[in-house]
Amino acid sequence: MYVKPVLKGFCRFEAACRAAGRRMSRHEHDGARTSYAVRSKAAQISHHQPGDPERLAEAVVALVDAPNPPVRLPLGSDTIAAIEAKHLSDAEILAAWRPVSVSTDFPSAA
């Protein structure tokens with residue numbers, strides 16, 4: 001048995017679209033700002049998500065049947081864009097901080 005993470009983007013599931021359209025209140029509690037931000041984003045994109053749930057299911061079946069599946073499979077153009085943006089940000093951090101980062105190694109025994 002294998003476990004493969006699937007990184008899925010936003011898909012148009014009707015139940016989720018209905019839930020996103022419900023009125024939101026801002027109660028103060030742990031995580032209120034984060035949960036409100038996520039629910040607000042969901043309401044904004046409701047019925048405009050790029051992902052097709054049927055195509056998502058087909059991709060997951062293809063993953064299960066693949067002879068050499070990837071360690072994790074990003075699905076959806078929005079997921080790809082988010083990963084690419086993260087990699088670009090990480091590359092900028094590495095470039096700027098490389099000297100500090102590598103300075104923490106033990107000195108070479110030359």
- Query: Given the chain, what helices (runs of 4 or more DSSP H) lie entirely inside it while holding 2 or more residues that are at pLDDT 90 or above?
  - Reply: 53-65, 77-102
- Query: Is one or more of the residues making up segment 44-53 over 15 Å from the mean Cα position of the chain (by Cα) and closer than 19 Å to K4 by Cα?
  - Reply: yes
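The values are calculated or read from the model by the stated rules, or taken from the named source; none is laboratory data. Small disclaimer: the values here were computed from a predicted structure and weren't measured.
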